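The structure under discussion appears below in the form of structure tokens.
The values are calculated or read from the model by the stated rules, or taken from the named source; none is laboratory data. For clarity, every value in this text was computed on a predicted model and none was experimentally measured. So basically every Cβ, Gly included, is an ideal-geometry build from the backbone, and we count neighbours across all protein chains shown.
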Amino acid sequence: MTGMNIVHVITGLGNGGAESVLCRLCEADKANRHHVISLRERGPSADRLERAGVDVHCLDMPRGRIRLQGLSRLYGLLKQLRPDVVQTWMYHADLVGGLIARLSGIRAIVWSIRNSTLDPQRSSRATRLVVKSLAWLSNRVPARILSCSANAAEIHRALGYRADLFVVIPNGYPIAEFIPDADARSTTRASLGISGHMPVLGMAARFDPQKDHVNLLQALVLLKKQGRSFVCLLAGDGMVAGNALLSRTIRQYGLESDILLFGQRNDMPNFMNALDIHVLSSCSGEAFPNVLSEAMACGVPCVTTDVGDASLIVGDTGWVVPPSSHQALTAALDAAIAEYSANDDRWPLRKADCRKRIVDNYSLEKMIAAYNEVWRAVVTDVSDVGV
């Protein structure tokens, strides 16, 4: 089969994990022609996609609201672009993009699941209603349902999604970009005034209740009480001194001298290489946490809560603890710092195992090949049954 015309419909084009995977896929997949339609306004990922030669269309619908003008424009774009496959990303795009694609006569529709649990306390009622609707529509709209996480696929089957349509494709990473870099490590740490032997912890995650930064801060307080010295670097959207709630919480825990806030980063390989240990303290919502794979590809061992496919990613190269337990998180961080500080062969071997696990299992090339296999199968299936 020759190259396909793929139209991606995504909820928005911010700096999230789904957007990052979409950008990597479109940048690296040279076999097909890609177009991206955002239901909402432009975001940083739109610029990145356009630099890669991808046509980007933004419908400018407000968050959480559907406008007839936006739906009409989406219908018109699908008629104009005449895709071989419509690939939707995230719940609202699965719903809106899937339905409008079917109305425009397209049957080669592939949904994408990027979430795991739907905690009623952290997921809006509107989102839960969308998911309930998608479960019913899964028998009628998509030809396949892709999930980046085996855990998320199982959860959504239990929610009523059509089980036999699921295909699990783990996220893939540009191995040549995320590499251990001693120069980046020393340069970044020197610029921050961090000594070469100080344990540097870090977490790359937006400021969001699902990321449970309070759990991390509580663990850091216990580490200090146990006599551990460390510096913790926090990066992500909202992780800035101007975030009044975050700054106040850090002061309340007495961690002002132990934490550096970095905000949103565009140089994640440099950030990861500055760390000795990457932490993920999430309590819910994760499917396939990108930051774990990115850190491990740079040879940085991880301590993570057991959310989504985190335990599958880390394997035996790091530490996995229950969510929402700062005591368990403290114990794991203490064990990791102790091994790092022992100055023996265990830490270099662990770092090497981290990178090998990502190279062997989660390369960008494997992900692209898997997407192409699904798209080709969907096109063939639709051709066989006729439109």
Filtered residues of the stretch 128-158 (kept if closer than 28 Å to LYS366 by Cβ and hydrophobic (A, V, I, L, M, F, W, C)): LEU134, VAL141, ALA143, ILE145, LEU146, CYS148, ALA150, ALA152, ALA153, ILE155, ALA158
When you scan the stretch 358-370, how many residues do you find that are assigned to a helix (DSSP H, G or I), of a type outside the set (A, V, I, L, M), closer than 18 Å to ALA295 by Cβ and under 18 Å from the mean Cα position of the chain (by Cα)? 1
Which numbered condition trips up LYS30, out of (1) at pLDDT below 95; (2) buried (at least 22 other Cβ atoms within 10 Å of the Cβ)? (2)
Hits in the stretch 129-147 (condition: among the polar types (S, T, N, Q) and surrounded by 16 or more Cβ atoms within 10 Å (Cβ to Cβ)): SER138, SER147
Kindly indicate whether any position in the stretch 301-313 is among the charged types (D, E, K, R), surrounded by fewer than 23 Cβ atoms within 10 Å (Cβ to Cβ), closer than 17 Å to CYS283 by Cα and not assigned by TED's automatic domain parsing to the domain that holds ARG114. yes
Can you say whether VAL214 is buried (at least 20 other Cβ atoms within 10 Å of the Cβ), out of contact with any helix residue (DSSP H, G or I) (no Cβ under 6 Å at 6 or more places or on another chain) and under 24 Å from VAL321 (Cβ atoms), as far as the supplied structure shows? no
Looking only at the stretch 54-83, filter to residues that are modelled with pLDDT of 95 or more and part of a loop (DSSP other than H, G, I, E, B); which one of those is nearest to the chain's Cα centre (by Cα)? VAL54
